[in-house]
Amino acid sequence: MNLSEHYKNLFSEFLNKVKSTNVLVDELIDSENDNRYGITLLIRPPIFIKNKIQIFLDDLRKIEPIQYYYRNSDIHITVMSIISCYNGFDLSKINLEDYFSVISKSVEKEKSFAINFEGITATQSAIMVQGFWEENTLNNIRDNLRENFRQTHLEQSLDKRYSIKTAHSTIVRFRNDIKEKDKFIELLEKYKNYNFGKFGVNELEFVANDWYQKIEKVKLLKTFKLEKK
């Protein structure tokens, strides 16, 4: 898949839909009854990358202060949603050692790699930083996870929602319709190709998490180190 074209197409679709209608509001963002929970393998960008993202988010807040903006603690890249969040998931009901074993097998011998956060894209429900990688390590890990989990009877929902193929990071969700559409879109256009920086991925975090990866609800289960180049 051509990542640049994919991100570009998403952004074009976003512009067309927002201009003709508006965004898709997430009705559960502020709900106290949202008990969706699951487990995810993810990447945490370093603080210097997150701080650059916050500069962008601060600019967006000035135009649309009421939208949901991700804090540094919650920013991540999903490698694979092992069990997608759903109401009723109970972490105590699964054997974590079995999951550790499958993930460990899937990442062994895979080497550290770099991701470049360059530009932004969007859908009707979210704004994302575009992630690009040069090596094929991320694809290898994902394919390994798919194959290795397929050979087990463990609860999992890999690719059930969609087959993940990018390295984006969601940084904004919509609480309400955009009121200042022109100004908002103008700012997105300004950051469309902005380079937030390049960073090395040396480890992956396996976490239990809510839908929004809020630090208050996230539990680190295990860290998996990648081989140094």
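The values are calculated or read from the model by the stated rules, or taken from the named source; none is laboratory data. Keep in mind it's a predicted model, so treat the numbers as computed, not measured. So basically every Cβ, Gly included, is an ideal-geometry build from the backbone, and we count neighbours across all protein chains shown. Areas reflect the complete protein model, heavy atoms only, side chains present, ligands, DNA and RNA absent. Shrake-Rupley method; radii C 1.70, N 1.55, O 1.52, S 1.80 Å.
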If you take the residues in segment 48-99 that are aromatic (Phe, Trp, Tyr), part of a helix (DSSP H, G or I) and open to solvent by less than 10 Å² (accessible area, probe 1.4 Å), which one is nearest to residue 170 (Cα to Cα)? 56
Restrict the check to segment 214-224 and report whether at least one residue is open to solvent by less than 80 Å² (accessible area, probe 1.4 Å) and either within 26 Å of residue 10 (Cβ to Cβ) or modelled with pLDDT under 95 (or both). yes
Subset of segment 171-184 (residues that are touching a residue at least 60 places away in the same chain (Cβ under 8 Å) and open to solvent by 20 Å² or more (accessible area, probe 1.4 Å)): 173, 175, 176, 177, 179, 180, 181, 183
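Residues are listed down the side, and each one gets a yes or a no for (1) farther than 19 Å from residue 7 by Cβ; (2) modelled with pLDDT of 95 or more; (3) of a type in the set (Asp, Glu):
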site	(1), (2), (3)
107	yes, yes, no
117	no, yes, no
130	no, yes, no
138	no, yes, no
142	no, yes, no
155	yes, no, yes
159	yes, no, yes
183	yes, yes, no
What number of residues within segment 102-128 are closer than 23 Å to residue 173 by Cα, in contact with a Ser or Thr (Cβ under 9 Å, 6 or more places away or on another chain) and among the hydrophobic types (A, V, I, L, M, F, W, C)? 4
Select, from 19, 8, the only residue that is within 22 Å of residue 192 (Cα to Cα), out of contact with any Phe, Trp or Tyr (no Cβ under 8 Å at 6 or more places or on another chain) and modelled with pLDDT under 95. 19
Boolean, residue 189 is open to solvent by 50 Å² or more (accessible area, probe 1.4 Å) and in a helix (DSSP H, G or I): yes
Would it be correct to say that residue 131 is closer than 22 Å to residue 14 by Cα and either hydrophobic (A, V, I, L, M, F, W, C) or surrounded by fewer than 21 Cβ atoms within 10 Å (Cβ to Cβ) (or both)? no
Are any residues in segment 100-113 part of a helix (DSSP H, G or I) and either touching a Gly at 6+ places or on another chain (Cβ under 6 Å) or open to solvent by 70 Å² or more (accessible area, probe 1.4 Å) (or both), and if so, which ones? 101, 105
Give just the number: which of (1) open to solvent by less than 40 Å² (accessible area, probe 1.4 Å); (2) within 26 Å of residue 85 (Cβ to Cβ); (3) in contact with an Asp or Glu (Cβ under 8 Å, 6 or more places away or on another chain) does residue 211 not satisfy? (1)
Can you tell me which condition residue 20 does not meet? The list is (1) over 23 Å from residue 166 (Cα atoms); (2) open to solvent by less than 70 Å² (accessible area, probe 1.4 Å), and all the others hold. (2)
Tell me whether segment 24-36 contains one or more residues that are open to solvent by 20 Å² or more (accessible area, probe 1.4 Å), part of a loop (DSSP other than H, G, I, E, B) and among the hydroxyl-bearing types (Ser, Thr, Tyr). yes
